[in-house]
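Student: Let me give you the structure first, and then I'll get to my questions.
The values are calculated or read from the model by the stated rules, or taken from the named source; none is laboratory data. Remember, it's a predicted structure, so these values are computed and weren't measured experimentally. For neighbour counting, all protein chains shown are included, and Cβ atoms are generated from backbone atoms with ideal geometry for every residue, glycine included. Just so you know, the surface numbers come from the protein's heavy atoms only, side chains and all, with ligands and any DNA or RNA stripped out. Shrake-Rupley method; radii C 1.70, N 1.55, O 1.52, S 1.80 Å.
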Amino acid sequence: MFNQVVTGEHERRSFEVKNRFFLIWVVGVLVLCGAQRMWGGQFEDLFRAGLDAEAAGNLDDAIKHFSRVVQLQPQSARAWAKRGEIYLKKGDLQSAVKDLTKAVRLDPAYAAAFTRLGFAYNALNQFDRAVEALSVAVKLDPSSAEALNTRGFAYNGLNDYDAALRDFDKAIRLNPKDARFYNNRGFALSGKREYERAIQDFDRAIKLNPSQAMYYNNRGVALLRKRDFDRAIKDFDKAIEMNSRFWSAYQNRGMAYSGKGLHDKAVEEFSKVIEANPDSSLLYKDRGTAYRRLGDYESAIKDFDKAIALDKKFAPAYAGLGLVYALAEKPYRDPRKALRFAEKAVKLSGGKSPDMIQNLARVQHA
């Protein structure tokens, strides 16, 4: 009897313990579900607030909102990708790459995130990595004209113009009304020295979007390479009229003036750009060339020396010095220096640059 009473009490207590644990489990589930609903609601509210801040142009506020979003749900590829996109707009390319890389690791099928990642690598001039990311994007979504266009841009950066043209052709077939695609294809055609076809593409880009100074500048460059200097200058004038700080257009206009023999005006143009960009070896090289053509050898030598001081491996500056010492009158003429600098230019270019080889021949002839 005693044993039966003890056993019954044990069963009763065991039941109460089990019941208590069950109640705790139920309450925990209810709390967790409530928390998830709360966090989910907060996630969406913050995400929406970030989008609103982005739309209003308040990118710093958008970053703050999306930073809280990724803290709430660190496994959300969408959140990481969106913050990466905002970093892209801010020009913080390293942070953009970091966030977008996180997004594609969380979701390897996220085609749009791979496209944005490729865009970031393009902006960093890391074109090999861009092609790698964008090839995944194209594989995931072959109908994405944006991915194809961005990969074509990367191929342009690698000077693989044939591959670039294939991508731009596909992008244009998918979306024939996007001016950027024609502009980028025109760049590839210019790279292949097919200037007439390039000009036709820049014409299409301008017709579709006449508000882009870049398109006029790019068409001007193609005209410049065709030695159609007057039409080129008109395009550079238009680009500068639309954007007074478009330094490349000033530089290109200087090249066109030099092509017309107006070397004094070319020096003026290059000087404007150098004032805004004092660390560009290319600009000093271009102005040095204009000074040489004017017969101002002392200024030419100073500019070529400055270009080399900024970039000791900049072959065109050595080539420019070679021509000065080869063509100048006394006391600047120095055939030995001329030959030494011209040969160094060829060596720095790996012996593969037609321009540097032609420059050496010109120095030897002089």
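Student: Leaving out ligands, DNA and RNA, what percent of the accessible area of the range 285-366 is carbon and sulfur, probe 1.4 Å? Numbers along the way, then the final one.
Tutor: Values: 2340 of 4710 Å².
Ligands and nucleic acids excluded, carbon and sulfur reach 50 percent.
Student: Where does the range 45-116 land on Rg(C-alpha)/(2.2 N^0.38 Å)?
Tutor: Working: Rg = 11.0 Å, N = 72, 2.2 N^0.38 = 11.2 Å.
In units of the 2.2 N^0.38 Å rule of thumb, it is 0.99.
Student: What spacing in nm lies between the two simple spin-label points modelled at Asp355 and Lys64, each 7 Å away from Cα in the Cβ direction?
Tutor: 4.8
Student: Past the 14 angstrom mark, what percentage of all C-alpha to C-alpha distances in the range 315-366 do you count? Don't skip to the answer; put the middle values down first.
Tutor: Details: 501 of 1326 pairs.
The proportion of pairs with Cα distances above 14 Å equals 38 percent.
Student: Continuing with the same structure: Give me the accessible area per residue for the range 99-221, probe 1.4 Å, as a whole number in Å². Present the calculation step by step, with values, prior to reporting the outcome.
Tutor: Details: 5850 Å² over 123 residues.
Value for the range 99-221: 48 Å² per residue.
Student: Once phi is turned into ³J(HN,Hα) by the Karplus curve 6.51 cos²θ - 1.76 cosθ + 1.60 with θ = phi - 60°, what whole-Hz value does each residue of the range 156-165 show in order, with x for glycine and proline?
Tutor: 4, x, 8, 6, 8, 5, 5, 5, 4, 4
Student: So which trypsin sites (Lys or Arg not before Pro) in the range 278-366 are both in a DSSP loop and have at most 12 other Cβ atoms within 10 Å of their Cβ? Write down the numbers at each step before the final one.
Tutor: Working: sites: Lys285, Arg287, Arg292, Arg293, Lys302, Lys306, Lys312, Lys313, Arg333, Arg336, Lys337, Arg340, Lys344, Lys347, Lys352, Arg362; in loops: Lys312, Lys313, Arg333, Lys352.
The qualifying sites are Lys312, Lys313, Lys352.
Student: Taking a 19 Å limit on the Cα-Cα distance, which of the listed pairs Lys272/Lys306; Lys207/Lys238; Lys90/Lys207; Lys226/Lys272 fall beyond it?
Tutor: Numbers: Lys272/Lys306 17 Å; Lys207/Lys238 14 Å; Lys90/Lys207 29 Å; Lys226/Lys272 25 Å.
Over 19 Å Cα-Cα: Lys90/Lys207; Lys226/Lys272.
Student: Then there is this: Roughly to the nearest percent, how much of the accessible area of the range 209-283 is carbon and sulfur, given a 1.4 Å probe?
Tutor: On the way: 1620 of 3700 Å².
The nonpolar share, carbon plus sulfur, comes to 44 percent.
Student: What Kirkwood Rh does the chain have if only Cα atoms enter the pairwise 1/r average? Answer in Å. Could you put the intermediate results ahead of the total?
Tutor: Numbers: mean 1/r = 0.0400 Å⁻¹.
Radius from the Kirkwood sum: 25.0 Å.
Student: For q values of 0.10, 0.15, 0.16 Å⁻¹, compute log₁₀ I(q)/I(0) with the Debye formula on a Cα-only model of the range 91-219, without solvent.
Tutor: -0.31, -0.67, -0.76
Student: Could you calculate the FRET efficiency of Lys272 with Arg333 from 1/(1 + (r/R0)^6), where r is the beta carbon distance between them and R0 is 30 Å, rounded to 0.05? Display every interim value, and only then the final one.
Tutor: Working: r = 31 Å, r/R0 = 1.03.
Step by step, r from the Cβ atoms, then E = 0.45.
Student: Using only helices, what value at 222 nm comes out for the chain when you add -39,500 (n - 2.57) per DSSP H run of length 4 or more and divide by the total residues, to the nearest 500 deg cm²/dmol?
Tutor: On the way: 19 runs with 298 residues, N = 366.
Theoretical 222 nm ellipticity from helices: -27000 deg cm²/dmol.
Student: Per 0.36 nm of contour for each residue apart, how much would the distance between Arg245 and Glu132 grow if the chain were fully extended, relative to their Cα-Cα spacing? If you can, show how the numbers build up before the last one.
Tutor: On the way: separation 113, 0.36 × 113 = 40.68 nm, distance 3.39 nm.
Once the chain is fully extended between Arg245 and Glu132, it gains 37.3 nm.
Student: Compute the FRET efficiency between Ser143 and Arg362 as 1/(1 + (r/R0)^6), taking r as their Cβ-Cβ distance and R0 = 41 Å, and round to the nearest 0.05.
Tutor: For Ser143 and Arg362, the calculated efficiency is 0.20.
Student: Expressed as a fraction of 2.2 N^0.38 Å, the rule-of-thumb size for a compact globular protein of N residues, what is the C-alpha radius of gyration of the range 173-224? Could the numbers behind the result be given before it?
Tutor: Values: Rg = 9.9 Å, N = 52, 2.2 N^0.38 = 9.9 Å.
With N residues counted in the range 173-224, Rg over 2.2 N^0.38 Å equals 1.00.
Student: Counting only other residues whose beta carbon sits under 15 Å from that of Asp162, what net charge do I get with K and R as +1, D and E as -1? Intermediate values should be presented prior to the final figure.
Tutor: On the way: positive: Arg151, Arg166, Lys170, Arg185, Lys192, Arg193, Arg197; negative: Asp160, Asp167, Asp169, Glu194.
Cβ neighbours under 15 Å give a net charge of +3.
Student: Please get the size of the charge dipole for the range 277-346, origin at its Cα centre, with Cβ charges of +1 on Lys and Arg and -1 on Asp and Glu, quoted in debye to the nearest 20. Can you show the working numbers first?
Tutor: Values: 14 positive and 10 negative charges, 46 e Å.
Value, rounded to 20: 220 debye.
Student: As an exercise, use a Förster radius of 25 Å and the Cβ-Cβ distance of Leu294 and Glu343 to find the FRET efficiency, rounded to the nearest 0.05. Could the numbers behind the result be given before it?
Tutor: Numbers: r = 26 Å, r/R0 = 1.04.
In this case the efficiency is close to 0.45.
Student: How long are the three semi-axes of the equivalent ellipsoid of the range 87-167, in whole Å, if each is the root of 5 times an eigenvalue of the C-alpha gyration tensor, listed from largest down?
Tutor: Numbers: eigenvalues 74, 47, 16 Å².
Equivalent-ellipsoid dimensions as semi-axes: 19, 15, 9 Å.
Student: For the range 269-322 and the range 43-97, write down the distance between their C-alpha centroids in whole Å.
Tutor: 44
Student: Follow-up question, since we're still on this one. Leaving out ligands and nucleic acids, and using a 1.4 Å probe, what accessible area per residue does the range 297-341 come to in Å²? Mind dumping the intermediate values first?
Tutor: Working: 2470 Å² over 45 residues.
I get 55 Å² per residue for this part.
Student: Determine, at each q value in 0.16, 0.20 (inverse angstroms), the log₁₀ of I(q)/I(0) that the Debye formula gives when each Cα of the range 207-366 is one equal point scatterer.
Tutor: Once normalised to I(0) and log-transformed, intensities are -0.90, -1.22.
Student: Can I ask one more? Just want to confirm a number: the relative contact order over the chain, from Cα pairs under 8 angstrom separated by 6+ residues, in percent.
Tutor: Working: 502 pairs, mean separation 19.9, N = 366.
Contact order relative to length: 5 percent.
Student: Moving to a separate point now. Could you tell me what percent of the accessible area of the range 70-172 is made up of carbon and sulfur, with a 1.4 Å probe and every protein chain present? Display every interim value, and only then the final one.
Tutor: Values: 2310 of 4790 Å².
On the range 70-172, the fraction of accessible area on carbon and sulfur atoms equals 48 percent.
Student: OK, next. Set the bar at 28 Å for Cα to Cα. Now go through Lys98/Lys313; Lys234/Lys312; Lys98/Lys352; Lys302/Lys347 and name every pair that lies beyond it.
Tutor: Details: Lys98/Lys313 32 Å; Lys234/Lys312 35 Å; Lys98/Lys352 37 Å; Lys302/Lys347 22 Å.
Lys98/Lys313; Lys234/Lys312; Lys98/Lys352, as the Cα separations exceed 28 Å there.
Student: Over the range 278-366, what is the mean sequence separation of C-alpha contacts under 8 Å (at least six apart), divided by residue count, expressed as relative contact order in percent?
Tutor: Numbers: 132 pairs, mean separation 21.2, N = 89.
That works out to 24 percent.
Student: Over the range 213-366, calculate the relative contact order: mean separation of alpha carbon pairs under 8 Å at least 6 apart, over the residue count, as a percent. Can you show the working numbers first?
Tutor: Working: 231 pairs, mean separation 20.1, N = 154.
Answer for the range 213-366 is 13 percent.
Student: I would also like to ask the following. Relative to the compact globular guide of 2.2 N^0.38 Å, what is the alpha carbon radius of gyration of the range 182-290, as a ratio?
Tutor: Ratio of Cα Rg to 2.2 N^0.38 Å: 1.03.
Student: In addition: Mind giving me the nanometre distance, one decimal, between the label points for Asp45 and Lys226, set 7 Å out from Cα along Cα→Cβ?
Tutor: Rounded to a tenth, the inter-label distance reads 6.1 nm.
Student: A follow-up question, please. State, to one decimal in nm², a quarter of the convex hull surface area for the C-alpha atoms of the range 276-348, i.e. the direction-averaged projected area. Before the final figure, lay out the partial values.
Tutor: Numbers: hull surface 17.1 nm².
So the Cα hull casts an average projection of 4.3 nm².
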